[in-house]
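We did not get these values from a lab; they are worked out from the coordinates using the rules stated. As the structure is a prediction and not an experimental result, all values here were calculated from the model. Ideal geometry is used to build each Cβ from the backbone, glycine not excepted, and the neighbour counts take in all protein chains shown.
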């Protein structure tokens, strides 16, 4: 096996958890698979989890608590980037993440849907960060009760073939008004950082760093 990847069993042994826990971490986005079946994980990703969460690798918070913490976020509460990144990873279960592949015409409908709130590059641009939204993809959120009204395509597991990523949020945890088109700045930064997008740091500096 290549030195830069691990099997689920190897990752479990490295982190001191069960393979079932590894699958839970994959589902919440705490770690990412480079291949789905059989599961292969990035060694750097696993090592990062071990470094950031040495006592409880990848342990997430409940969705409702995640949204409460996001609402109360203040950048100056974090001593350094390592602490901030640890907090970011624990926020990943704020939604049930689903990826789809849709036709271009459906993608346009999704972008304009009042049921969805946009995140990532679209939200960053809305807050004045000098970035160009990716017109080929949509990253955003939808309330669980609205999901069946959203036109989506085929579910996608891993890989780069998706062009829609939706965070499905339980109605009891939904924090966005019906008229909202974009997520708040903190959530936009979280999504950019989760995707390891180079504009994440700019989002943090330009938008969050200027907050009182």
Subject >> Helical mean residue ellipticity (222 nm; -39500 (n - 2.57) per DSSP H run of 4+; nearest 500) of the chain >> reply: -10000 deg cm²/dmol
Subject >> Residues 134, 45 arranged by fewest to most Cβ contacts within 10 Å >> reply: 134, 45
Original post:
Could you give the nm distance between label points at residue 136 and residue 36, where each point is 7 Å from its Cα heading toward the beta carbon?
Top reply: 2.0
**OP:** Take every Cα pair under 8 Å in the chain that's 6+ residues apart, average their separations, divide by the length, and report that relative contact order as a whole percent.
**Re:** 20
Subject >> GNM flexibility winner over the chain from 89, 198, 21 (Cα, springs under 10 Å) >> reply: 198
Original post:
Given a Förster radius of 45 Å and the C-beta distance between residue 9 and residue 69 as r, what FRET efficiency does 1/(1 + (r/R0)^6) yield to the nearest 0.05?
Top reply: 0.85
**OP:** Evaluate the distance, in nm, between pseudo-label points positioned 7 Å from the Cα of residue 178 and of residue 103 along their respective Cα→Cβ axes.
**Re:** 3.0
**OP:** Normalising by the residue count of the stretch 5-52, find the relative contact order in percent from Cα pairs under 8 Å and 6+ residues apart.
**Re:** 40
**OP:** Indicate, rounded to the nearest 5 percent, the antiparallel portion of the DSSP beta bridges found entirely in the chain.
**Re:** 70
Original post:
Shape call for the stretch 5-52 from the C-alpha gyration tensor, a ≥ b ≥ c root eigenvalues: rounded (a/c under 1.5), prolate (a/b greater than b/c) or oblate?
Top reply: rounded
